[in-house]
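Since the structure comes first, as C-alpha cells, the remarks are kept for the end.
The values are calculated or read from the model by the stated rules, or taken from the named source; none is laboratory data. Note that this is a predicted model, so its numbers are computed, not measured. Glycine also receives a Cβ, built like all others from the backbone with ideal geometry; neighbour counts cover every protein chain displayed. With ligands, DNA and RNA removed, areas are computed over all heavy atoms of the protein, side chains included. Shrake-Rupley method; radii C 1.70, N 1.55, O 1.52, S 1.80 Å.
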Amino acid sequence: MLKGLFSFNGRYRILHLTWFAFFLTFVCWFNFAPFATTIGKQLNLTPEQIKTLGICNLALTIPARIIIGMLLDRFGPRITYSLLLIFASVPCLATALSQNFHHLVISRLLMGIVGAGFVVGIRMVAEWFPPKEIGIAQGIYGGWGNFGAFGAEFTLPTIAVAASLMTGGASNWRFAIALTGIIAAIYGLIYFNSVKDTPVGKVYKRPKKNGALEVTSVKSFWAMIISNFGLIFALGLLAWRLEQKNIHFLTLSQMYLVWLVLAGLFVYQTYKAWQVNKELLIGKKTYAASERYQFRQVALLEFTYITNFGSELAAVSMLPAFFEKTFGLEHVVAGMIAATYPFLNLISRPSGGLISDKFGSRKWTMTIISVGISVGYLMAHFINSSWPLPLAIAVTMFAAYFAQAGCGATYGIVPLIKKEATGQIAGNVGAYGNFGGVVYLTIFSLTDASTLFSTMGIAAMICAFMCAFFLKEPKDSFASAYEGELPEKTTQSSAIIAEE
C-alpha cells in the first residue's frame, strides 16, 4: 500500500486525483478564515458578526452532506464530485464580490454546500480499495484533502499580499478568494475526464431504494429519526443565532418562519424514511442476518465525528483570530501559526487510518484516540497570553493530531457498515461533524476560547467512554475483499492494479 502511493497508476491514481479534489473543496471552504479580521475591518463587521459567519460557513453542509450522499449512491462519485467542484466557483465569487454582512452570510451559506464534497471521495476510495487497506486509504484521502485548510490559511494571505498592487497596497483578499473558485471549477472538468467509479470488471452497487437510508430493524428506524432531528436542531440553532440583537440578520418573525420550514423538512424526511422502510415497519419484510446492520453503530460514529471533525472545524475557524488577539500578532503571522493545526492532516489522519488497520481492533483504536482528543483540548483550555508562544503551538498541535487521527479512524469503520449505502451513511456521519462545528462555534460565539476548548475536551471524554462500552467491531474488518466480491485477481486489468 505505502509503496504504491508513490505511483500514479491504477487505484493509486484514483486516490491521488480524489484527495486533490477534496483538497480544493477545503481550500474553498476555508478561504474566509485567514481574512476574517481584515474583512471585518474593511466591511465594518462586529466581532459577533465575524463569529456568526464562521457558523454560516458550516450550516448548509449539514443537509448538503445527506443530499449529496443520496445523489452519490445513485449517480456515482465521478459525476457528483465534478459538478460540486464546478459549483464551488459560485460561492467563491459571491464572497469575493460581497459588500456587507448580508452578502457574506448568503455566500458563506452557499459555501457550506462545497464542504459536503468529503462524502463523495469516501465512496470512491471504498470502491477501489479492499477492507484490509480501507483505513489507510480513507485516511490519506481525508488527511491530504483536509490539508486544504492549511493551504488556505498559509498560502491565501501570501497571494493576497502579492496581489496587493491591484488595490493600491491593501491586502487583496477578494482576488485570493475568487482564484480558489476558478481553480476548483477547472479541476472539476479535469476530474470528470480522468476517473472511473469502479475498477474494470466491478459493478457499482446502488441502494435498492432512494430518498432515505434503508435500515434493517424497527429500532434502527427510530434511531435514524432521532438522528435526523439532531441535524434539524443544528440548523434551528443557527437561525436563533442569526436573530440575536447583536447580529441583526433575521427578525423574530423570520426566525419563526425558518423554524417552521425546518419542521416541515423534518416531517418530509420522516415521511420519506417511512416510505423507504414501510415494508419493514408493517412487518412484511425481514432481513437476513448477512444484510443487517445496527443504526446505533452509525449514531455512535456520528458522535465520534462530532468530537473529532466537529472540533477540527471549530478550531480551524477560530484559531487565526485566537492567536492574533491572544499574542498580539499580525493577521498574516497569526494565520500561518494557526495553520499548524490543519498542517498535521498531512500525516495525522492517514496515521489514524493506518493504526486502525494495523492495531487489530478498530473499536479500541477509536476509544484510545478519543481519550487523546480530550486530553489535548483540556490542555488548550489553559492557553493565555502569559504562555510562551511555542508551547501554545505545541499544545495546539497535540490536540490537532488526535482530532485528525480520530477522523481517519472513524472513516476506517464507516465504509464497512453497509457497502451499497456507504454514501448515505458517510453523509449522515459527516453531517454530524458539521453539527459539532455549528454547536461548538455557537458556544464560542457566546463565551470565549477557553470555554470552547474545555467543552470539546469533555465531549471527547464522554465519546471515549461510549466507544469502549458500545462500539462494535465491524464484520470482516480486515478482509482482503468486500463480502460477495471476488479478489482483484479475477481479471487481467485488476491483477495489474493489485501489483501496483
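Taking the conditions (1) farther than 22 Å from residue 436 by Cβ; (2) more than 22 Å from the chain's Cα centre (by Cα) in turn, residue 212 satisfies each one other than (2).
Inside region 452-494, can you point out the residues that are among the basic types (Lys, Arg), more than 23 Å from residue 405 (Cα to Cα) and either at pLDDT 65 or above or open to solvent by less than 50 Å² (accessible area, probe 1.4 Å) (or both)? First the steps, then the outcome.
The initial filter retains those residues of region 452-494 that are among the basic types (Lys, Arg), namely 472, 475, 489.
Now narrow it down to the ones that are more than 23 Å from residue 405 (Cα to Cα): 489.
Scanning region 452-494 gives no hits.
Residues of region 120-165 that are touching an Asp or Glu at 6+ places or on another chain (Cβ under 8 Å) and not small (Gly, Ala, Ser): 123, 124, 127, 130, 131, 132, 133, 134, 136, 146.
Take the conditions (1) within 28 Å of residue 228 (Cβ to Cβ); (2) at pLDDT 90 or above; (3) more than 20 Å from the chain's Cα centre (by Cα); residue 449 misses just one of them, which is (1). Within region 64-95, track down each residue that is in contact with a Cys (Cβ under 8 Å, 6 or more places away or on another chain) and either of a type in the set (S, T, N, Q) or not in a loop (DSSP other than H, G, I, E, B) (or both). Selection gives 91, 92. The number of residues in region 258-277 that are of a type in the set (A, V, I, L, M, F, W, C) and over 22 Å from residue 238 (Cα atoms) comes to 3. Counting residues in region 394-401 that are in a helix (DSSP H, G or I), without any contact (Cβ under 8 Å) to a residue 12 or more places away in the chain and either buried (at least 24 other Cβ atoms within 10 Å of the Cβ) or not charged (D, E, K, R) (or both) gives one or more.
Summed over region 1-47, the residues that are modelled with pLDDT under 80 and either in a helix (DSSP H, G or I) or of a type in the set (D, E, K, R) (or both) give a count of 4. State yes or no: is residue 108 farther than 30 Å from residue 206 by Cα, touching a residue at least 40 places away in the same chain (Cβ under 8 Å), buried (at least 24 other Cβ atoms within 10 Å of the Cβ) and within 18 Å of the chain's Cα centre (by Cα)? So residue 108 passes the test.
Condition check ((1) free of Cβ contacts under 8 Å to residues at least 24 places away in the same chain; (2) in a helix (DSSP H, G or I); (3) of a type in the set (A, V, I, L, M)) across all residues:
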residue: 198; (1), (2), (3): no, no, no
residue: 201; (1), (2), (3): no, no, no
residue: 206; (1), (2), (3): no, no, no
residue: 209; (1), (2), (3): no, no, no
residue: 213; (1), (2), (3): no, no, yes
residue: 220; (1), (2), (3): no, yes, no
residue: 223; (1), (2), (3): no, yes, yes
residue: 229; (1), (2), (3): no, yes, no
residue: 232; (1), (2), (3): no, yes, yes
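Got at least one residue in region 404-412 being small (Gly, Ala, Ser), more than 17 Å from the chain's Cα centre (by Cα) and either assigned to a helix (DSSP H, G or I) or more than 20 Å from residue 309 (Cα to Cα) (or both)? Even if it seems obvious, please write down each step before you answer.
To start, the set of residues in region 404-412 that are small (Gly, Ala, Ser) comprises 405-406, 408-409, 412.
Subsequent filtering for residues that are more than 17 Å from the chain's Cα centre (by Cα) retains none.
Among the residues of region 404-412, not one is small (Gly, Ala, Ser), more than 17 Å from the chain's Cα centre (by Cα) and either assigned to a helix (DSSP H, G or I) or more than 20 Å from residue 309 (Cα to Cα) (or both), which makes the answer no.
Here residue 78 clears all of (1) over 23 Å from residue 320 (Cα atoms); (2) at pLDDT below 85; (3) open to solvent by 10 Å² or more (accessible area, probe 1.4 Å); (4) not β-branched (Val, Ile, Thr) except the condition numbered (2).
Taking the options 43, 72, name whichever one is surrounded by fewer than 19 Cβ atoms within 10 Å (Cβ to Cβ) and either under 17 Å from residue 425 (Cα atoms) or more than 20 Å from the chain's Cα centre (by Cα) (or both).
Details: 72 fails: surrounded by fewer than 19 Cβ atoms within 10 Å (Cβ to Cβ).
So the residue among 43, 72 that is surrounded by fewer than 19 Cβ atoms within 10 Å (Cβ to Cβ) and either under 17 Å from residue 425 (Cα atoms) or more than 20 Å from the chain's Cα centre (by Cα) (or both) is 43.
Just one of the numbered conditions (1) in contact (Cβ under 8 Å) with a residue 24 or more places away in the chain; (2) more than 18 Å from residue 213 (Cβ to Cβ) is not true of residue 283: (1).
Contact map, region 372-383: residues that are open to solvent by 10 Å² or more (accessible area, probe 1.4 Å) paired with residues that are not in a helix (DSSP H, G or I), Cβ distance under 7 Å, separation 6+ or inter-chain. No pairs are found.
From the list 190, 134, exactly one residue is at pLDDT 80 or above, of a type in the set (Val, Ile, Thr) and either open to solvent by less than 10 Å² (accessible area, probe 1.4 Å) or in contact with a strand residue (DSSP E or B) (Cβ under 8 Å, 6 or more places away or on another chain) (or both). Which is it? Step through it out loud before you land on a result.
Values: 190 fails: either open to solvent by less than 10 Å² (accessible area, probe 1.4 Å) or in contact with a strand residue (DSSP E or B) (Cβ under 8 Å, 6 or more places away or on another chain) (or both).
Of 190, 134, the one residue that is at pLDDT 80 or above, of a type in the set (Val, Ile, Thr) and either open to solvent by less than 10 Å² (accessible area, probe 1.4 Å) or in contact with a strand residue (DSSP E or B) (Cβ under 8 Å, 6 or more places away or on another chain) (or both) is 134.
The residue that is nearest to residue 33 (Cα to Cα), counting only those in region 318-371 that are assigned to a helix (DSSP H, G or I), open to solvent by 30 Å² or more (accessible area, probe 1.4 Å) and of a type in the set (Phe, Trp, Tyr), is 343. Scanning region 54-63 for residues that are surrounded by fewer than 24 Cβ atoms within 10 Å (Cβ to Cβ) and under 24 Å from residue 178 (Cα atoms) turns up just one, 60. Any residue at all in region 266-284 that is open to solvent by less than 60 Å² (accessible area, probe 1.4 Å) and hydroxyl-bearing (Ser, Thr, Tyr)? Yes, that holds for at least one residue.
When residue 287 is evaluated against the numbered criteria (1) surrounded by fewer than 17 Cβ atoms within 10 Å (Cβ to Cβ); (2) part of a helix (DSSP H, G or I); (3) aromatic (Phe, Trp, Tyr), which criterion, by number, is the only one it fails? Only one criterion in (1) surrounded by fewer than 17 Cβ atoms within 10 Å (Cβ to Cβ); (2) part of a helix (DSSP H, G or I); (3) aromatic (Phe, Trp, Tyr) is unmet by residue 287, namely (2).
When you check residue 7 against the structure, is it under 18 Å from residue 181 (Cα atoms), among the small types (Gly, Ala, Ser), surrounded by fewer than 24 Cβ atoms within 10 Å (Cβ to Cβ) and more than 15 Å from the chain's Cα centre (by Cα), yes or no? Write out each step before concluding.
Numbers: under 18 Å from residue 181 (Cα atoms): no; among the small types (Gly, Ala, Ser): yes; surrounded by fewer than 24 Cβ atoms within 10 Å (Cβ to Cβ): yes; more than 15 Å from the chain's Cα centre (by Cα): yes.
No; evaluated as a whole, the condition is false for this residue.
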